[in-house]
Protein chains: 2
Amino acid sequence: MIVRDFHKLKDTDKAVSDARWTSVRMLLADDGMGFSFHITTLQAGSEHTFHYKHHFESVYCISGKGSITDLASGETFQIRPGVMYALDQHDHHTLRAEEELVMACCFNPPVTGTEVHREDGSYAPVAELAD
Amino acid sequence: MIVRDFHKLKDTDKAVSDARWTSVRMLLADDGMGFSFHITTLQAGSEHTFHYKHHFESVYCISGKGSITDLASGETFQIRPGVMYALDQHDHHTLRAEEELVMACCFNPPVTGTEVHREDGSYAPVAELAD
């Protein structure tokens, strides 16, 4: 059994930051669960465009207020506590935090922890990371 | 892109209840994400023994207060907001809710939605469900 505390991990190298967001990696590929699990905090007023071409991701809003736009359809959905979106089509999307958003995220395949967002908003596929 | 709201699903057949807990299935096997994602609420004062012999599960505490005991080692860990446990060894465990616990749960393989806890605290493996 693995037991971990967000409040401890957030001050370690398990907290990965980029422009106006921080993601605490609670579970990664080497934990052997077959998915990774992150608590991601997006700063109030920030906007992010991501495109996980090689991963499925689900994102559940724990707190905050914002919106997500599906860039293929142009549709926008409100993000509030209790709302989840799932990128089942590897959807290219823009996320906006009106207030600070705290999100519980699951990735399949699991993130290894070394990924950074590439220029196209994606993480590299596992095979490329292994190169 | 799938977008769902816990506050709407909790009044539908996506909310599965058993003795003193309710699990809202936000994502299930047929969503094709490769994992399922549930928001599970355990009543204050309740105690639950589970043994997912055929699934990996991670559980992140959103709110509430309780504890988990690993029945193999006898160790007990406090559950507070921000604490996650992951049953990477299919660990047989007892969960206690001192206050109402709200937990974000990921299952691999994904739950299909029809599972009930069997007498041994497990869910049936996918192959048996298909029988």
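The values are calculated or read from the model by the stated rules, or taken from the named source; none is laboratory data. Fair warning: this is a prediction, and the values are worked out from it, not measured in the lab. Positions of Cβ are backbone-derived with ideal geometry, glycine not excepted, and every protein chain shown enters the neighbour counts.
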- Are any residues in the stretch A:79-100 out of contact with any Phe, Trp or Tyr (no Cβ under 9 Å at 6 or more places or on another chain) and more than 9 Å from chain B (Cβ to nearest Cβ), and if so, which ones? A:Arg96, A:Glu98, A:Glu99, A:Glu100
- Given (1) within 8 Å of another protein chain (Cβ to nearest Cβ); (2) surrounded by 16 or more Cβ atoms within 10 Å (Cβ to Cβ); (3) free of Cβ contacts under 8 Å to residues at least 40 places away in the same chain, where does B:Glu115 come up short, assuming only one miss? (1)
- Message: Here is a check on your reading of the model: is B:Arg96 surrounded by 14 or more Cβ atoms within 10 Å (Cβ to Cβ), at pLDDT below 95, over 27 Å from A:Pro110 (Cα atoms) and out of contact with any helix residue (DSSP H, G or I) (no Cβ under 8 Å at 6 or more places or on another chain)?
- Response: no
- Please identify the pairs in which a residue from the stretch A:41-56 that is within 14 Å of another protein chain (Cβ to nearest Cβ) has its Cβ atom under 9 Å from the Cβ atom of a residue that is among the charged types (D, E, K, R) and assigned to a strand (DSSP E or B), counting only partners at least 6 apart or on another chain. A:Phe50/A:Glu57
- Note on the stretch A:1-33: residues within 11 Å of chain B (Cβ to nearest Cβ) and of a type in the set (Val, Ile, Thr) are A:Ile2, A:Val3, A:Val24
- Could you please find all residues in the stretch B:57-78 being more than 8 Å from chain A (Cβ to nearest Cβ), part of a strand (DSSP E or B) and not hydroxyl-bearing (Ser, Thr, Tyr)? B:Glu57, B:Val59, B:Cys61, B:Gly66, B:Gln78
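Between B:Arg80, B:Arg96, which is among the basic types (Lys, Arg) and within 15 Å of the chain's Cα centre (by Cα)?
When all the criteria are applied, what remains is B:Arg96.
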